[in-house]
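Reviewing the structure listed below.
The values are calculated or read from the model by the stated rules, or taken from the named source; none is laboratory data. This is a predicted model, so every value here is computed, not measured. With ideal geometry, Cβ positions are generated from the backbone for all residues, glycine too; neighbour counts draw on all protein chains shown. Heavy atoms of the whole protein, side chains included, go into the accessibility calculation; ligands, DNA and RNA do not. Shrake-Rupley method; radii C 1.70, N 1.55, O 1.52, S 1.80 Å.
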Amino acid sequence: MTVRPSETVVVLDFGSQYSQLIARRVRELEVYCELVPFTAPAPEVQRLNPVGFILSGGPASVYAPDAPQLPDYVLASGKPVLGICYGMQLLTHSLGGTVNPGTEREYGPASLELLAPQTPIFADLPPAVERLPVWMSHGDRVTRLPEGFQSLARSDNSPYAAIGNPEKGLYGLQFHPEVTHTPQGKEILRAFLYRVCGCKGGWTPGNFIDQSIADIQATVGDGRVVCGLSGGVDSSVTAALLYRAIGNRLTCIFVNNGLLRKGEPEQVVQTFRQELHAPLVAVDATEEFLSALSGVTDPEAKRKIIGEKFIRVFEAEARKLGKVEFLAQGTLYPDVIESASRDQQQKSAAAKIKTHHNVGGLPDDMQFKLIEPLRYLFKDEVRAVGEALGLPHRMVWRHPFPGPGLAVRVLGEVTWERLETLRAADAILIDELWASGWYEKTSQAFAVLLPVQSVGVMGDYRTYADVIAIRAVTTEDFMTADWARLPADLLARISNRIVNEVPGVNRVVYDISSKPPATIEWE
Ligand code: XMP
């Protein structure tokens, strides 16, 4: 399935940690773009008919023996090119300029002097800007420009902090316009897209919905589709789009594994029936999951058991539906990019930190064709689509919730009693976050039940009871995260309520670790 507008910018990925961010910024500027590995076959890229290229940064040095090279089709296309960091060095190198290995890295904030403020790429900066604060992160540097290029800006350390051949629409930036530490970076990207590439813009969730529905209809024809529903934003938006496209030929399956949050199974079913109206099969498999988890404490073993059980239950329900050709999944663009780059780099399994599970791995004799209508969208775009489809605000803005659910938040053995303790504490936390306006200021927040007990005093009695940890983080991509600076009085209220209202808990702690070195979940 493809949902692609006619006007596309291609971001070639040379391995920068910021590559996804470039793609997001371009889309925020209402221009559709795709992030493509630099090794992608030429016809695959040319099929997108790009109106321009952005070359990402990357960790390599252009002279290294196996350094990524600029694919020939980029310059041969005659389209505008913007090289960022390694991308600028590569552009320089490919056009006959010189790049020298830097003896020191230039990393962090820098101030640029604009030498050609009238050049199109700077034309959206506020008038009379002479110095531009930017974020640098590079080792090598350009020392001789290719023919036809001029220096557009310099810093104390780099005479060529921005370069260009405006006649040909070729530009290079040594700094990173995509990061928020370059406050006017978006204006520079905007000028590249609209002034240099001549984009018309208009990429919005509204266009996406119409195109996506037409695409689903063309793919599915008279067929039937099954969709696993978790209650999270991705599967809900997937289901809503499918229902709009094919109505009752969609059946959703919701599996209650007993590891969901307080009131969640009822809420998912109720919201779904009110808002979506598609046929829904709700299965309560709590007993099955909990008995499979009995006595298990190892986090990866828990994940494996839950993943396999889920597939078994889902499969049994799907078979009851008779002949269904398609399985819809809420796969997002970051998953697609990650698995593409994993394949490209043949990353070893040893690099895996946690096994994440999705619907997948169904038995071979259940050969569904996959439908993934969100596979070109980032999370914030999925939320915008959800809002545009009229899904309830709280459903659209829900924090992500892991497939193995509370099993990885009840540290140690998972029992019904311990799940109930955690559910009660977690519900108080979430309630207080919504009430204080902090839910939407955090990216993910939850309670964790620790596998230790601690001494306390309640009234005149000594207690020896459970400890709840509170985790709240802010993040753009969940790959790195910072702990949320929740106000002290909010933390005090949460702690008070938990020890007073949740039987068996006498202590609450707040997790102040960032990722890395910690992960967001505790298991
Ligand atoms: P970590 O703990 O790895 O989590 O920093 C990053 C994000 O992934 C979620 N997560 C999971 N999601 N299955 C999922 O579907 C899993 O097994 C799983 N483990 C972690 C986590 O909640 C966070 O949003």
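Using Cα pairs closer than 8 Å and at least 6 residues apart in sequence, work out the relative contact order for segment 171-268, in percent. Can you show the working numbers first?
On the way: 64 pairs, mean separation 19.4, N = 98.
Contact order relative to length: 20 percent.
Using Cα pairs closer than 8 Å and at least 6 residues apart in sequence, work out the relative contact order for segment 428-503, in percent.
On the way: 88 pairs, mean separation 21.4, N = 76.
Over segment 428-503, the number comes to 28 percent.
Would you mind getting the accessible area per residue of the chain, heavy atoms of the protein chains only, 1.4 Å probe, in Å²? Before the final figure, lay out the partial values.
On the way: 23360 Å² over 523 residues.
Heavy-atom SASA per residue in the chain reads 45 Å².
If you scale each eigenvalue of the Cα gyration tensor by 5 and take the root, what three semi-axes come out for segment 101-158, rounded to whole angstrom and sorted largest first?
Here the semi-axes work out to 22, 16, 8 Å.
Hey, if you put +1 on the Cβ of every Lys and Arg and -1 on every Asp and Glu Cβ in the chain, which of Q217, V502, Q89 ends up farthest toward the positive end of that dipole?
Q217
Specify the angular offset, from 0 to 90 degrees and rounded to the nearest 10, of the alpha carbon long axis of helix 488-501 from the longest principal axis of the alpha carbons in the chain.
For 488-501 against the chain, the angle is about 20 degrees.
Let me understand segment 409-487 better: what is its radius of gyration from the alpha carbons, and its Dmax, in angstrom?
14.7, 48
Taking the Cα centre of segment 227-279 as the origin, how large is its charge dipole in debye, to the nearest 20, when only Lys and Arg (+1) and Asp and Glu (-1) carry charge on their Cβ atoms?
Here segment 227-279 has a charge dipole of around 80 debye.
Just going by the charge dipole of segment 232-302, with Lys and Arg at +1 and Asp and Glu at -1 on Cβ, which of L259, G232, L293 is farthest out on the positive end?
G232
Between 0 and 90 degrees, rounded to the nearest ten: what's the tilt of helix 233-246 against the longest Cα principal axis of the chain?
On a 0 to 90 degree scale, this one is about 80.
Heavy atoms only, probe 1.4 angstrom, no DNA, RNA or ligands counted: give me R398, R47, R249, R195 ranked by accessible area, highest first. Please list the in-between numbers first.
Working: R398 40, R47 170, R249 80, R195 130 Å².
Accessible-area ranking of R398, R47, R249, R195, largest first: R47, R195, R249, R398.
How much of E521 can a 1.4 Å solvent probe reach, expressed as accessible area in Å² and rounded to 10?
For E521, solvent-accessible area is about 20 Å².
Keeping the other protein chains in place, figure out the carbon and sulfur percent of the accessible area of the chain, with a 1.4 Å probe.
Details: 11780 of 23360 Å².
On the chain, the fraction of accessible area on carbon and sulfur atoms equals 50 percent.
With a cut-off of 8 Å between alpha carbons and a minimum separation of six or more residues, what is the relative contact order of the chain in percent?
Numbers: 974 pairs, mean separation 56.5, N = 523.
Normalised by residue count, the contact order of the chain is 11 percent.
Considering all alpha-carbon pairs of segment 1-103, what whole percent are spaced by more than 17 angstrom? Mind dumping the intermediate values first?
Working: 2633 of 5253 pairs.
Here the tail beyond 17 Å accounts for 50 percent of pairs.
When you count, for each residue, the other Cβ atoms within 10 Å and take the mean per peptide, how do 449-460, 486-497, 196-207 rank with the highest first? Don't skip to the end; give the middle numbers.
On the way: 449-460: 12.2, 486-497: 15.0, 196-207: 16.6.
Final packing ranking: 196-207, 486-497, 449-460.
What do you get when you divide the Cα radius of gyration of the chain by 2.2 N^0.38 Å, with N the number of residues? Please list the in-between numbers first.
On the way: Rg = 25.8 Å, N = 523, 2.2 N^0.38 = 23.7 Å.
The value comes to 1.09.
Determine the calculated [θ] at 222 nm for the chain from helices alone, applying -39500 (n - 2.57) to every DSSP H run no shorter than 4 residues and normalising by the residue count; nearest 500 deg cm²/dmol. Please list the in-between numbers first.
Values: 15 runs with 169 residues, N = 523.
Value at 222 nm, helices only: -10000 deg cm²/dmol.
Might you work out the accessible area of R394 for me, using a 1.4 Å probe with all protein chains in place, and round it to the nearest 10 Å²?
Near enough 140 Å² of accessible area.
What is the helix-to-structure angle for 205-220, meaning the angle in degrees between its Cα long axis and the longest Cα principal axis of the chain, kept from 0 to 90 and rounded to the nearest 10?
70
Got a number for the accessible area of S291? Probe 1.4 Å, square angstrom, nearest 10.
Per-residue accessible area (S291): approximately 80 Å².
Can you give the Kirkwood hydrodynamic radius of segment 105-235 from its Cα pairs, in Å with one decimal?
Numbers: mean 1/r = 0.0564 Å⁻¹.
Value: 17.7 Å, from the Cα pair sum.
Using θ = phi - 60° and the Karplus curve 6.51 cos²θ - 1.76 cosθ + 1.60, what whole-Hz ³J(HN,Hα) does each residue of segment 12-18 get, with Gly and Pro shown as x?
8, 9, 9, x, 6, 5, 9
If you count the DSSP beta bridges with both ends in the chain, what percent of them are antiparallel, to the nearest 5?
Here the antiparallel bridges make up roughly 50 percent for the chain.
Based on the Cα gyration tensor of segment 189-291, what are the three equivalent ellipsoid semi-axes, each the root of five times an eigenvalue, rounded to whole Å and given largest first? Before the final figure, lay out each step's value.
Details: eigenvalues 251, 69, 24 Å².
Listed largest to smallest, the semi-axes of segment 189-291 are 35, 19, 11 Å.
Given the convex hull of the Cα atoms of segment 48-138, what is a quarter of its surface area in nm²? Could the numbers behind the result be given before it?
Working: hull surface 30.1 nm².
Dividing the Cα hull surface by four gives the mean projection, 7.5 nm².
Mind pulling the per residue volume of the convex hull built on the Cα atoms of segment 236-283? Å³ is fine. Each step should come with its number before you reach the end.
On the way: hull volume 3.1 nm³, N = 48.
Residue-normalised Cα hull volume stands at 66 Å³.
At most 16 other Cβ atoms within 10 Å and a DSSP loop assignment: could you name the trypsin sites (Lys or Arg not before Pro) in segment 267-331 that fit? Mind showing how you got there, number by number?
On the way: sites: R273, K302, R303, K304, K309, R312, R319, K320, K323; in loops: K323.
Sites meeting the loop and neighbour criteria: K323.
Could you size up the charge dipole of the chain around its Cα centre, putting +1 on the beta carbon of Lys and Arg and -1 on that of Asp and Glu, and report it in debye to the nearest 20?
Working: 51 positive and 61 negative charges, 49 e Å.
Roughly 240 debye, rounded to the nearest 20.
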